[in-house]
Amino acid sequence: MPQLDAPTPAAQPQRFETAAIHAGQEFDPTTGAIIPPIYQTSTFVQDGIGGFRNGYEYTRGGNPTRTSLETLLAALEGAAHGYSFSSGLAAEDALLRAVLEPGDHVVLGNDVYGGTHRLINTIHSKSGITNDTVEMMDLDAVRVAVAAGNTKILWLETPSNPLMKISDIAALAEIGHAAGALVVVDNTFASPYLQQPLALGADVVVHSTTKYLGGHSDVLGGAIVLNDEELAAKVGFQQFAAGAVSGPMDAWLTVRGIKTLAVRMDRHSANAQAIAEHLVGHPAIERIFYPGLESHPGHALAATQMSGFGGMLSLSFVAGPAAARTFAESTTLFQLAESLGGVESLVGYPTEMTHASVRGTKLEVPENLIRLSVGIENVNDLIADLDQALPSS
């Protein structure tokens, strides 16, 4: 497999917006094409047995288009190594397999993506892996949880999905490391443009690149970025041996999306902030979950570890589940669909959509909650769409 090294932040002269366009994206030396070609090939001709050209043998093990994406991902997170996978859950699974052994323990937030909890609690439990969920904003509770077993991974999302909780990455990294645990941050909601978990002490960052990194709802993918050489080798082996890699076209589409990440995140964040402020005080809304509001319990912390508050927000309804369902089925520009982070606005009903797997457990999402992925449309049109879907009183 080709070695995927990227400059560290200290050696990286380019600012984020520049790196997003140029890291790993050298023009084609043969033709001068400004956009690197898609290497839509399954295999590579060898210069004699074992004579691999630039390390490429077979696309499962490495492909130049995937290498360009992995180099870019590492550069944006300030990491030495990046690995791209066929989905966010495929990336998470590879990391878990690289780290965990039977008898190991995972501590994760009590508001993580339902698919992450399902993967750990249902799939990896069959291999003797145990887990506990905890309120990540309660640092004392986290200390107790990581001391309760052979904790190998402390897993957090911030902002969390879908309650938009903000966790203190630096403080949790100290707690995790004191317990000998690997600290993993799902940075999907923030994106590397708004938050840099490795710089705050985390060991590994995971992404669903399907979301903000791809940004156009047209490609599935996942990523792992990290600095540790030994763990990187283990992740790379899992990628190669299990084969859940992103194909050349998927990698190329993700790179294309990342080029506009900075400008998109600025608009996502501005639109979400305007919408959240507009909805404050609406009689039909019980609570607005958005860290950009000063009333959010994590607002001050988010302001210190994020450069913006992102494009995700959730709403709970005074009148209960029926009102939430009616609202989710009444918007027009906010289209009812799974996923998030695309240029178009989406609305979801988490308890029966993204978090259906945790219904009936202590992790279940309130039934009166809806989640908004705020797109980059004109914010006045988005506000008008929400207003017409909300009850007038």
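Remarks
- Residue selected from the stretch 359-374 under the condition within 24 Å of the chain's Cα centre (by Cα) and more than 17 Å from MET164 (Cα to Cα), by the criterion most open to solvent (accessible area, probe 1.4 Å): LYS362
- When GLU286, GLU338 are checked against the criterion of being part of a strand (DSSP E or B), more than 30 Å from THR41 (Cβ to Cβ) and either open to solvent by 30 Å² or more (accessible area, probe 1.4 Å) or in contact with a Lys or Arg (Cβ under 9 Å, 6 or more places away or on another chain) (or both), GLU286 stands alone in meeting it.
- Test: ALA233 is over 17 Å from the mean Cα position of the chain (by Cα), surrounded by fewer than 17 Cβ atoms within 10 Å (Cβ to Cβ), on the phi < 0 side of the Ramachandran plot and assigned to a helix (DSSP H, G or I): yes
So that you can scan it fast, the table gives a plain yes or no per residue for (1) surrounded by fewer than 23 Cβ atoms within 10 Å (Cβ to Cβ); (2) assigned to a strand (DSSP E or B):
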site	(1), (2)
ASN131	yes, yes
ALA145	no, no
GLY149	yes, no
MET164	no, no
VAL185	no, yes
PHE189	no, no
TYR193	no, no
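- Residue match in the stretch 77-86 (condition: part of a loop (DSSP other than H, G, I, E, B) and not small (Gly, Ala, Ser)): no
For (1) touching a Leu at 6+ places or on another chain (Cβ under 7 Å); (2) within 25 Å of SER167 (Cα to Cα), each residue gets a yes or a no:
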| site | (1), (2) |
| --- | --- |
| LEU69 | no, no |
| GLY88 | no, yes |
| VAL107 | yes, yes |
| GLY114 | no, yes |
| LYS126 | no, no |
| MET137 | no, yes |
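- Any hit, the stretch 207-216, residues being open to solvent by 10 Å² or more (accessible area, probe 1.4 Å), charged (D, E, K, R) and in contact with a Gly (Cβ under 7 Å, 6 or more places away or on another chain): yes
- Residues in the stretch 239-262 that are open to solvent by 40 Å² or more (accessible area, probe 1.4 Å), touching a residue at least 24 places away in the same chain (Cβ under 8 Å) and of a type outside the set (D, E, K, R): PHE240, ALA242, MET249, TRP252, THR260.
- Evaluation of ALA98 against the conditions (1) in contact with a strand residue (DSSP E or B) (Cβ under 8 Å, 6 or more places away or on another chain); (2) among the small types (Gly, Ala, Ser); (3) open to solvent by less than 20 Å² (accessible area, probe 1.4 Å); (4) at pLDDT 95 or above shows that the sole unmet condition is (1).
The values are calculated or read from the model by the stated rules, or taken from the named source; none is laboratory data. Computed from a predicted structure; not experimentally measured. We place every Cβ from the backbone using ideal geometry, glycine too, and count neighbours over all the protein chains shown. Keep in mind that these areas ignore ligands, DNA and RNA; they rest on the heavy atoms of the full protein, side chains included. Shrake-Rupley method; radii C 1.70, N 1.55, O 1.52, S 1.80 Å.
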